[in-house]
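The block underneath contains the structure these notes are about, expressed in structure tokens.
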Amino acid sequence: KAGVTQTPRYLIKTRGQQVTLSCSPISGHRSVSWYQQTPGQGLQFLFEYFSETQRNKGNFPGRFSGRQFSNSRSEMNVSTLELGDSALYLCASSSTGSEQYFGPGTRLTVT
Amino acid sequence: AQTVTQSQPEMSVQEAETVTLSCTYDTSESDYYLFWYKQPPSRQMILVIRQEAYKQQNATENRFSVNFQKAAKSFSLKISDSQLGDAAMYFCALKVASGSRLTFGEGTQLTVNP
């Protein structure tokens, strides 16, 4: 099976812009979770989608949103970008609800 | 709330030797899972090993094994016969069965010396 894929791999945006990141889970996996990784805060949970519904949400401002499509692909959107949003954004998929398998990440740089 | 603590920011080991990475956690839940993930310089997070809290037997995956001490809330990873390719950041993570989020520790940077 193909692994989790994320696009784009690298992104440079300007403060105030918005950005959309995409994640395609492993075939058959219905749960997709998003994490933000920064040197200062480490790995933090953003949200999880299951069957097109947000099932769990982390402690991030409303500028961070997401959605999931009927084919389980998920997108994450960040509006009004701030310098502090620069991070590695990781997507993970799961079938059983226990272990999660991660994609290669999207490196977002906000200038 | 769940917390995971890795008290060793950096560790080093000689090739072919054994190294143990430490992790402690806290949760009020009785049903949970523990994981070790490896993140090499490519930044791809790779699942190394998992442990179900209800299982007393320690998990093993080839050269990787864990020492799960439930009462002490301790979950260490032992890497035997260390290889250069084992060099990476290692994260301990916890997921309660009733939830979907992984709670990660701060990570331990492992260096393998030839």
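General remarks:
- Of the trypsin sites (Lys or Arg not before Pro) found in region B:1-108, the ones in coil according to DSSP and having at most 12 other Cβ atoms within 10 Å of their Cβ are B:Lys55.
- Cβ-defined net charge surrounding A:Asn59, 14 Å radius [Lys, Arg +1; Asp, Glu -1]: +2
- Region B:1-94 shape via C-alpha gyration tensor axes, a/c threshold 1.5: prolate
- Descending principal axes extents, region A:12-111, alpha-carbon based, whole Å: 38, 25, 22
- Within chain A, the longest segment free of exposed loop sites, counting GluC sites (Glu not before Pro) that fall outside DSSP classes H, G, I, E and B and have at most 14 other Cβ atoms within 10 Å, spans A:1-51.
- Rounded to the nearest 20 debye, the dipole size of the protein assembly as shown about its Cα centre is 620 debye, using +1 on the Cβ of Lys and Arg and -1 on the Cβ of Asp and Glu.
- Proximal charge balance of A:Ser86 [Cβ under 12 Å; K/R count +1, D/E count -1]: +1
- Charges were assigned to the Cβ only: +1 to each Lys and Arg, -1 to each Asp and Glu. The resulting dipole of chain A about its Cα centre is roughly 140 debye.
- Environment charge of A:Gln6, counting only residues whose C-beta is closer than 14 Å and scoring Lys/Arg +1, Asp/Glu -1: +3
- Assigned charges on the beta-carbon of Lys, Arg, Asp, Glu; region B:37-114 dipole about Cα centre (debye): 260
Every number in this text was worked out from the coordinates using simple rules, so none of it is lab data. It should be emphasised that the depicted structure is a prediction, and the values quoted were computed from it without experimental measurement. Ideal geometry is used to build each Cβ from the backbone, glycine not excepted, and the neighbour counts take in all protein chains shown.
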